1. Please state the relative contact order of the stretch 40-114 as a whole percent: Cα pairs under 8 Å, 6+ residues apart?
2. Given H placed 1.01 Å from N in the peptide plane, which residues other than close sequence neighbours of Cys45 have an amide H under 5 Å from its amide H?
3. Counting other Cβ atoms within 10 Å, keep those with at most 16, restrict to DSSP loop, and tell me which trypsin sites (Lys or Arg not before Pro) in the stretch 41-72 are left.
Amino acid sequence: MRDMYEVMDLWGAWAASDNSGVDWQPIAAGFKGLLPHGKKSRLQCDDDEGIMIDGCVARLRKFKPEEYELIIAHFIVGISLRSIAKKRKCSDGTIRKELEKALGFIEGVICAIN
């Protein structure tokens, strides 16, 4: 099984280059003014994998909107988990747990599709 964080990082770069069908805003809700920390040129997944992960993220949006916003803010916009925690006024650990739940949901949907 592949590392989901790496898979999502590749997808985030793919989605940020205007390939994604997921309706995300260039500035995630509540994170206006925070600059992304990501690199300008990032490795991307291929279109087939990107489209599949887009579908999984769309399902996450439907069932867990707060975790969806976290995925968008971190993987597409490039906001650090620490900055997200400060904005939400909670600990880094709480944000990391939410991220793990979101990644688990996406991984489960991928397994169900395959």
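1. 34 percent.
2. Residues meeting the criterion, in which the H sits 1.01 Å from N, are Trp11, Trp14.
3. Arg42
Rule-based calculations on the coordinates, nothing more; no lab input. All values reported here derive from a predicted model rather than from experimental measurement. Reconstructed Cβ throughout: ideal geometry from the backbone, glycine too, with neighbour counts over all protein chains shown.
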